[in-house]
Amino acid sequence: MQNHELVTIKRIIYERLKILALEEKSNIDASNTVNLDQQSVGRLSRMDALQQQAMAKAMNARRKNEKRVLEEALYRIVQDDYGECIDCGEAIEFNRLKLKPSVLKCLDCMKL
């Protein structure tokens with residue numbers, strides 16, 4: 001992979017990591033423990049709060065996973081192992097890497 005392509009990929013990864021950090025910061029309160037005091041809120045409100053809490057926890061898990069795979073992609077760049085299919089060793093198309101920098105397989109191997 002050419003140097004200017006790696007610079008582009010790094011920029012995309014860092015921008016996405018920045019967005020994930022901002023999302024994580026803005027959703028901290030959403031996954032806090034739900035108050036189950038029946039005197040303060042009704043049953044439907046508590047159920048809604050529990051559902052929102054579960055959704056927030058699922059989004060946090062998704063963000064953590066995406067952050068992990070993006071950091072692994074940065075590590076592969078440093079190791080000069082980025083952009084090669086883990087199955088066949090062929091180069092992964094640059095446009096595909098721009099769309100999803102964490103991709104590990106070329107299109108042919110993904111179809112298998």
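The values are calculated or read from the model by the stated rules, or taken from the named source; none is laboratory data. Everything numeric in this text was worked out from a predicted model, so none of it was measured. Counting neighbours? That spans all protein chains shown, and the Cβs are built from the backbone with ideal geometry, glycine included. Note: areas computed on protein heavy atoms with side chains; ligands, DNA, RNA excluded. Shrake-Rupley method; radii C 1.70, N 1.55, O 1.52, S 1.80 Å.
Return the Rg/Rh value of the stretch 73-112, two decimal places, where both radii are evaluated on C-alpha atoms and Rh is the Kirkwood radius.
On the way: Rg = 9.5 Å, Rh = 10.1 Å.
Using Cα coordinates only, the ratio equals 0.94.
Per residue, how many Å² of accessible area does the chain show with a 1.4 Å probe?
Accessible area per residue, the chain: 74 Å².
Given H placed on each backbone N at 1.01 Å, which residues far from Glu84 in sequence or on other chains put an amide H within less than 5 Å of it?
Ile92
Got a sec? What order do Ile19, Ile12 fall in by accessible area at 1.4 Å, biggest, i.e. largest, first?
My answer, sorted largest first, is Ile19, Ile12.
Give me the net charge for the shell around Arg62: Cβ to Cβ below 14 angstrom, other residues only, Lys and Arg +1, Asp and Glu -1.
+3
Roughly how many debye, to the nearest 20, is the charge dipole of the chain about its Cα centre, given +1 on each Lys and Arg Cβ, -1 on each Asp and Glu Cβ, and no other charges? Write down the numbers at each step before the final one.
On the way: 19 positive and 17 negative charges, 83 e Å.
Dipole magnitude for the chain comes out near 400 debye.
Which option, (1) 12, 34, 34, 18, 2; (2) 13, 33, 22, 16, 11, 5, 0; (3) 13, 36, 31, 15, 4, 0, is the value of P(r) over Cα pairs in 10 Å bins from 0, in percent that was calculated from these coordinates?
Answer by label: (2).
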